[in-house]
1. In terms of the ratio Rg/(2.2 N^0.38 Å) built on C-alpha atoms, what value belongs to segment 25-85?
2. Too long at a 20 Å Cα-Cα cut-off: which of LYS7/LYS101; LYS136/LYS215; LYS38/LYS101; LYS71/LYS96?
3. Suppose R0 equals 41 Å. What FRET efficiency, 1/(1 + (r/R0)^6) with r the Cβ-Cβ distance, do ALA64 and GLN212 give to the nearest 0.05?
4. In Å and whole numbers, how far do the C-alpha atoms of segment 109-172 stretch along each principal axis, longest first?
5. Going highest first, how would you order 185-195, 63-73, 94-104 by mean Cβ packing within 10 Å?
6. Stretched out fully, how many nm does the piece from GLN160 to ARG140 gain, at 0.36 nm a residue minus the Cα gap?
7. In sequence order, what are the phi-derived ³J(HN,Hα) couplings for segment 154-166 according to the Karplus relation 6.51 cos²θ - 1.76 cosθ + 1.60 with θ = phi - 60°, rounded to whole Hz, with x for glycine and proline?
Amino acid sequence: MLSSNVKYIGLDVHKEAIAIAVLNGAGKLVMESIVETKASTLLDFLHGLSGELHATLEEGTWAAWLYDVLKPHVAEIVVCNPRRNALLKEGSKSDKIDARKLAELLRSGMLRAVYHGENGLGTLRELARSYLTISKDMRRVMSRLKALYRSWGIPCSGKQVYTSRHREQWLNKITQPGVRRRAELLYQQMDGLSVVRHTVRGELLAESRKHQAVKILRQIPLIGPLRATLLLALMQTPHRFRSKRQLWTLQWPGGGDAR
């Protein structure tokens, strides 16, 4: 789009500062600046620009935060894959130069975007990440507990070893005091994670009720409320995938692919 009313903004983001380059529709550099990596400072800069704003930055530590900050204030924001930006590696290197190159690549339509979700799913995504991380940590503790029993020649299988009802029975099989204490601490860790996991699960399901897509996903056989919620948080929209094949490779919550 070649228009004097369009601005292309390249952002080279770092922990302390962001280098900014602004090109017009003809590709002429109209402004450069370095601002503090702070939402209010960056928005003050953007509000000083006129015209239709298109911005880009590379995927990285700050990308998700900046995407949410900038999206309401620009016509387009592209978070791009740095591995596919070979042109950034050519020639001289500096933060300002990288910002200019990003703006030029955006103006030329040569960037490949990294998907960063739809509006309104931020809370659901974060709760889902918390739930999955806590569940993973809990499985690790449970595996360590079984490994402890087996390392002392105590066979254990199934889930009985984890239940509070049979816990004392299993602990009594350990004769060495230090090993028994280690098992007790693992049980305490598992119990603590179980409480947190239950709390997060409730919050996650409560948040999911705000999204119509969860109700649609639940119409699929064998998809319950929790799995539907996690699928929405992970997939967000099928339109982010170029083909069905890419969608099928999405990892389902709990393992396996989407088939």
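Readers should treat all values here as calculations from the given coordinates under stated rules, not as data from a laboratory. If you're wondering where the values come from, they're calculated on a predicted model, not measured in any experiment. Positions of Cβ are backbone-derived with ideal geometry, glycine not excepted, and every protein chain shown enters the neighbour counts.
1. Numbers: Rg = 12.1 Å, N = 61, 2.2 N^0.38 = 10.5 Å.
Relative to the rule-of-thumb radius for its length, segment 25-85 sits at 1.15.
2. Pairs exceeding 20 Å: LYS136/LYS215; LYS38/LYS101; LYS71/LYS96.
3. Efficiency at R0 = 41 Å is approximately 0.95.
4. 66, 25, 13
5. Values: 185-195: 14.5, 63-73: 16.2, 94-104: 19.9.
Ranking the peptides 185-195, 63-73, 94-104 by packing returns 94-104, 63-73, 185-195.
6. So the chain would gain 5.5 nm between GLN160 and ARG140.
7. Result, rounded to whole Hz: 9, x, 8, 8, x, 10, 4, 4, 8, 6, 5, 4, 9.
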